[in-house]
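Novice: Could you have a look at this structure, given as structure tokens, before my questions?
The values are calculated or read from the model by the stated rules, or taken from the named source; none is laboratory data. Owing to the predicted nature of the structure, the values given are computational and were not obtained by experimental measurement. Backbone-built Cβ (ideal geometry, glycine too); neighbour counts: all protein chains shown. Surface areas here come from the heavy atoms of the whole protein model, side chains and all, with no ligands, DNA or RNA. Shrake-Rupley method; radii C 1.70, N 1.55, O 1.52, S 1.80 Å.
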Amino acid sequence: MAFPQLTGQMIAFMLISLVVIGSAVAMLFTRRVIYMALMIGGVFIGVAGIYVLLNADFIGMAQVLIYAGAITILMLFAIMLTHHGHQEQTPVNGHTIFSVVAAGGLLGLLYWGFNTVDWAKWQSMSPKTDAPEWGTSSVKAVANSIYTQYTIPFELVSVILIVALVGAVILARKEEN
Amino acid sequence: MGPIIEQLTFQSVWDIMGAEVILVLTGFALLVLDLFLDKEQKKLVPWLGILSLIIAGGLVVRNMINIQSATEIGQLSGYLYVMDDYGSIFKLIFIVGSILTLLISIDYLNHVKLPKSEYTYLLLFATVGAMVMASSLDLITIFIGLELLSIASYILVGMRRDSAKSAEAAMKYLVVGAVGTALTLYGMSFIYGLTGTTNIAMAMDGIAGVWADFEFLVMLSLVMMLAGIGIKISMVPFQMWTPDTYEGAPTPITAFLSAVSKAAAFAMLFRVVLFLFSSHINEWYLILVVLAALTMLVGNVAAVTQKNIKRLMAYSSIAQAGYLLVPIAVLGKAQSGLNVFQSLSEIVFYLAAYVLVTMGAFAIISLVTRDADSEHIESFRGLYQRSPFLAISMSIFLLSMAGMPITAGFFGKFLIILGAIHNQSFWLAGIMFGTSVISFYYYFGIMRLMFKKETDGIEPKLQTSGTLSLVVGIALIVTIGLGVMPDALMDVLGKLAWFGKA
């Protein structure tokens, strides 16, 4: 595996990845829900950084506004308004060991697999241009796709939202007697 | 800016996705209507749902008739959404399944306190999700259809607020389903990365071109998607959630999951996985062969020891998923493109028989378990004395699932095994035959109980409600009808322009 060139972008990517992976792992190991919610906020912000690095500014901003902002705060409120006991440490048993081995195996397989891929060829297949066909504004590009080619899925998403909203109300409302 | 996308017009949308439009509009109408109805009037809501489904079914049939005379298939947004007979025939299966689910639900909702309107329109939206999965030729749209179906079914499973099992079922389904969604999406992302398009037909050519250079990525994408869809069809080793979820869900919803939701996932499996990776199928079909064999074995063997009828049906439905994987797995050795259509006919025939039989069986299960207030298979003891009609119908449904001659299930299995032998997959045909023999054991177990004499005196006769009798009657007619005259459906399937005229 060729060592990656240390450009500014590469360093930024590595730092952001550290934040994302670190927050995700920390989230799994904390025992208090409130810390988990904070940690997942870290993951969301980190992912937003990756979007920005990939020149998808609009998605990056949307990620910060919706996920890092709204959803994390919503989760924090939900946690604060409900009662939570302290979670006990789960004991290590056969199931835990099996999961660790399986997840580790998958990680190893993916690491090996991604190393066998000829990424130089990938680059040559879709070269990075300074003037992409959709112009420099990613907002325009997103809007164009949503309102021309992807109108049908866009409309269907609104049905999903209604279903999710109704579901949340049904599952959360008090039993009527 | 890529290919020019012609604008959507009301007319074109109505022509191609009229059925979906009707169901979505009815769903929203019921949502608003719910505010103005009092308790008695709400009983009408499921009937309105059935009415809209019948209209939608009519529109699908209209599409199927139209396409017979058309020169090319209908499409929207640059083949993002297509109207071909492949999608239409699956849509018909979903619609019939949903109508029967609602009929069972009408009886169920009279006895179990659930919000009737919400229940109805969530079921309609779930059906729309299934229909989108069958008709879309675009990864993003298919994914949204999958999510619509999944989210609606999570809620429907967890609707019984008074039952801890229902909550557990919904939670398990949600967590496992979310993992499946993530896997599917991850797999799809590689397709987009490799081909630069989300359109399945275009990506198919792209994948064939990059296979040699990026085999690992393509295979990874294939395995991820298989795992994600495998969770939906409860394929081994992703079947763990099935028994718990089927047990905890309201009985009509169990029927819906095991029939419509599964059929939708098969529609997606065939369209997405088989199409995208068809160019090198002989390199990966062994994955499917192994999974199909495992699914048949695990489902049937685990079912033998089950004492809860809904868990038993869950394992039986895992086994059925295994049978349905066989026609896809044998395509690895297919000699010509015609075999694809043969496999498709087998799947559709089997699914049609399976959906009807499942609905009939669950209608009876819903009644018997409610009457006995227990889901133990012992509640079927002496059913023959209490209601000969139900006992005989249930026996026929069970025999059809097992694959006894003169039922639809027999011809379904017979066609699949024949197709497997035709494609030189003798092992798979053998395993399917062997596991079917195991299945006779547990299906006969229930039948034996039903025809046994009641030990403690005379039980009162079992009253069936009109809607349940209707479901059982329809299922019975189709099961025996297709068993005696399978050609009736096979002729129709033979005339279909599956993916447009060749």
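Novice: If you count, for every residue in A:138-147, the Cβ atoms of partner chains within 10 Å of its Cβ, what is the mean?
Specialist: 1
Novice: Residue A:34 versus residue A:139, label points 7 Å from Cα toward the beta carbon: distance in nm?
Specialist: It is 3.8 nm.
Novice: Something else about it: Looking only at the range B:245-267, which residues have a backbone nitrogen under 13 Å from a spot 7 Å from the Cα of residue B:168 in the C-beta direction?
Specialist: Residues B:245-249 fall inside that zone.
Novice: Let me ask you something else. What residues from the range B:201-237 fall in the zone where the backbone N is under 13 Å from a label point 7 Å along the Cα-to-C-beta line of residue B:279?
Specialist: Backbone N within reach: B:201-215, B:218-219.
Novice: Could I ask something else about it? In chain A, if every C-alpha pair distance is counted and binned at 5 Å from zero, what percent goes to each bin?
Specialist: Bin by bin from 0 Å, the calculated values are 1, 6, 8, 11, 15, 15, 15, 13, 8, 4, 2, 0, 0, 0.
Novice: Same structure again: Measuring from a point 7 Å past the Cα of residue A:71 along Cα-to-C-beta, which residues in the range B:165-203 have an amide N at less than 13 Å?
Specialist: Zone members listed by number: B:182.
Novice: Looking only at GluC sites (Glu not before Pro) in DSSP loops with at most 13 other Cβ atoms within 10 Å, what is the longest site-free stretch of chain B? Present the calculation step by step, with values, prior to reporting the outcome.
Specialist: Numbers: sites that count: B:6, B:40, B:72, B:454.
The longest such stretch corresponds to B:73-453.
Novice: Hey, another quick one. Taking a ≥ b ≥ c as the square roots of the Cα gyration tensor eigenvalues, with a/c under 1.5 meaning rounded and otherwise prolate when a/b beats b/c, else oblate, which class fits the range A:11-85?
Specialist: Details: a/c = 5.30, a/b = 1.59, b/c = 3.34.
Verdict is oblate for the range A:11-85.
Novice: Taking both sides together, what accessible area is buried at the A/B interface, probe 1.4 Å, expressed in Å² and rounded to the nearest 100? List each step's numbers first, then the result.
Specialist: Details: alone 14520 and 19570 Å², together 30720 Å².
In total, this chain pair buries about 3400 Å².
Novice: A follow-up question, please. Just the accessible area per residue of the protein assembly as shown, please: how many Å² with a 1.4 Å probe?
Specialist: Value returned for the protein assembly as shown: 45 Å² of accessible area per residue.
Novice: Could you tell me the calculated FRET efficiency between residue B:487 and residue B:422, based on Cβ-Cβ distance and R0 = 25 angstrom, to the nearest 0.05?
Specialist: Numbers: r = 18 Å, r/R0 = 0.74.
The pair residue B:487/residue B:422 has a calculated efficiency of 0.85.
Novice: Now, a different point. So if R0 is 25 Å, what FRET efficiency would residue B:374 and residue B:444 give, r being the distance between their Cβ atoms, rounded to the nearest 0.05?
Specialist: For R0 = 25 Å, the calculated efficiency reads 0.75.
Novice: Less than 18 Å apart at the alpha-carbon level, and either on another chain or at least 8 residues along: which lysines does that give for residue B:452?
Specialist: The reachable lysines, counting only those whose Cα sits under 18 Å from residue B:452, are B:307, B:461.
Novice: Sticking with this structure for a sec: For chain B, what is the calculated [θ] at 222 nm in deg cm²/dmol (nearest 500), taking -39500 (n - 2.57) for each run of four or more DSSP H residues and dividing by its residue count?
Specialist: Calculated mean residue ellipticity at 222 nm is -24500 deg cm²/dmol.
Novice: Quick one: order A:51, B:354 from most to least accessible surface, probe 1.4 Å.
Specialist: A:51, B:354
Novice: Residues of the range B:134-171 losing 40 Å² or more of accessible area relative to the isolated chain, 1.4 Å probe, heavy atoms only?
Specialist: Flagged in the range B:134-171: B:144, B:148, B:151, B:155, B:161.
Novice: Also, quick follow-up: Assuming 0.36 nm per residue, please report the length gained on full extension of the stretch residue B:392 to residue B:68 beyond their Cα-Cα distance.
Specialist: Stretched out fully, the residue B:392 to residue B:68 stretch lengthens by 112.6 nm.
Novice: Run the accessible area of the range B:253-385 with a 1.4 Å probe and give the carbon-and-sulfur part as a rounded percent.
Specialist: 61
Novice: Carbon and sulfur together cover what percent of the accessible area of the range B:55-191 at a 1.4 Å probe radius?
Specialist: 68
Novice: About the Cα centre, and with charges only on the beta carbon of Lys, Arg (+1) and Asp, Glu (-1), how big is the dipole of chain B? Nearest 20 debye, please.
Specialist: 1140
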